[in-house]
Amino acid sequence: MAKRAGITITQHLLSQQRENPEATGAFTILLNELIVAAKIISKEVNKAGLADILGATGEINVQEEQVQKLDVYANRLIIERMQHIGQLCCMGSEEIADLIDIPNKYPKGNYILLFDPLDGSSNIDVNISIGTIFGIFRKVSDHTDINFLLSDALQQGYKQVAAGYFLYGSSTMMVYTAGNGVHGFTLYPSVGEFLLSHENIRIPEKGKIYSVNESNYQYWDDKTKALVDYFKTKDKETGRPYTSRYVGSLVADFHRNLLKGGIFMYPADMKDPKKPHGKLRLMVEANPLAMVVQQAGGYASDGNGPILQLQPNELHQRVPLYIGSKKDVEIAEEFISGKRG
Ligand code: AHG
Ligand code: MN
Ligand code: MN
């Protein structure tokens, strides 16, 4: 058990703040408020079956996907809680087409919060783990007459100052990095505190698990098919075939592979010609998890190079994602870039 097991997330944030001389406490305030939002979402998720919060709203979101009531609830809750703390110049949500202003009546800050309020929506009403993913950038524009520019949000992933996720599963966990390793906290429900349970998480260099939605096989190109076939082919020396595990919630699949090792793949596919780069979003899913996995010793690629180096050109752009144990993701890159066939 970690030497500081059981310390609260607030104590952990304050100790990280003390280690960082130019820290102003703004980041601690920001993360603390996001934690309050996550605790409220967790409570709603845990009683979802009882409240009229299940099911679809009948609306289609900016991603042209069925909006679930809990998506809407989580999205509104995060926006309402985060907009008044005076630490953000704007926010970007998977559920909202454009960047979200901070209302004039609230003070502005120098951070940008990008988030997927509820990840794994298709699993909400079947009691399978879902989550919230977040990434935080520091504002780069310095115009006195406007609060922010789109370019403040469209930064390369390696410039994130922090990233992480909440996982509403058999227990509620928060996993985050601020550039000093990856740390996991488990919510102690009766106390309402996130307590340190996984200090300095390191992902195994090579795993034995591959996660991919194989029903898309017919829509993949030959390199992608060859890659997935590779993980399924028997070869004692390289520990293959790998075990297949796919929950359908990115946060849950990612978290399991982070702890046990393995690779999660959402390749480009031709299922929907409007989405040739696959389903997952660079800014609110791939970038945050790429920072977490890199800080844990793993790697995240779009098949040709590091996710964290990609220069975003729009808020909701999608990207093929290969993420997890470094050696496994490097193999994926060899297949997708054509170096190995
Ligand atoms: P979201 O609920 O935020 O739209 O994300 C769902 C994503 C991700 O969680 C998961 O890995 C993927 O959708 C599953 O997609 P398929 O059902 O196409 O496999
Ligand atoms: Mn998602
Ligand atoms: Mn979502």
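The values are calculated or read from the model by the stated rules, or taken from the named source; none is laboratory data. Note that the structure is a prediction, hence the values are computed from the model and not measured. Note that we place each Cβ from the backbone using ideal geometry, even for glycine, and neighbour counts take in every protein chain shown. Areas reflect the complete protein model, heavy atoms only, side chains present, ligands, DNA and RNA absent. Shrake-Rupley method; radii C 1.70, N 1.55, O 1.52, S 1.80 Å.
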Nearest 10 degrees is fine. How inclined is helix 222-232 to the longest principal axis of the chain, computing both from alpha carbons?
90
Nearby lysines by direct alpha-carbon distance to LYS69 (threshold 16 angstrom, same-chain neighbours under 8 apart not counted):
LYS43, LYS47
Cα centroids of region 275-327 and region 62-137: how far apart, whole angstrom?
19
Using the alpha-carbon atoms, what tilt in degrees (0 to 90, nearest 10) does helix 26-46 show relative to the longest principal axis of the chain?
70
How many Å² of accessible area per residue for the chain, probe 1.4 Å?
43
Round to the nearest 0.05 the FRET efficiency obtained for SER244 and TYR158 when R0 = 35 Å and r is the Cβ-Cβ distance.
0.65
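What is the dipole size for the chain, taken about its Cα centre, with +1 at each Lys and Arg Cβ and -1 at each Asp and Glu Cβ, in debye to the nearest 20? If you can, show how the numbers build up before the last one.
On the way: 36 positive and 39 negative charges, 223 e Å.
Rounded to the nearest 20 debye, it is 1080 debye.
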Length gained when the stretch GLN11-THR144 is fully extended (0.36 nm per residue, less Cα-Cα span)
44.4 nm
What lysines could a cross-link reach from LYS105, if we take a straight Cα to Cα line under 27 Å and drop same-chain neighbours fewer than 8 places away?
LYS39, LYS139
Amide H within-cut-off set for ASP119, under 5 Å, with H built and near neighbours excluded
GLY131, THR132, ILE133
Would region 209-336 count as rounded, prolate or oblate if I go by the C-alpha gyration tensor, calling it rounded below 1.5 in a/c and otherwise prolate when a/b exceeds b/c, oblate otherwise?
oblate
Quick one: if you stick a label point 7 Å off each Cα along the C-beta vector at GLU330 and LYS43, how many nm between them?
4.7
When the Cα atoms of region 72-218 are enclosed in a convex hull and the volume is divided per residue, what value in Å³ results?
178
HN-Hα J couplings of region 102-118 from phi, Karplus 6.51/-1.76/1.60, θ = phi - 60°, integer Hz, Gly and Pro as x?
8, x, 3, 6, 9, x, 9, x, 10, 10, 10, 9, 10, 8, 9, x, 9
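As a check on your grasp of the helix formula, calculate [θ] at 222 nm for the chain: sum -39500 (n - 2.57) over DSSP H runs of n ≥ 4, divide by the residue count, round to the nearest 500. List each step's numbers first, then the result.
Working: 8 runs with 92 residues, N = 341.
About -8500 deg cm²/dmol.
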Placed amide H near LYS139: partners under 5 Å, 5+ positions off or other chain
TYR111, ILE112
Hey, what angle do you get for helix 9-19 against the long axis of the chain, alpha-carbon based, 0 to 90 degrees rounded to 10?
90
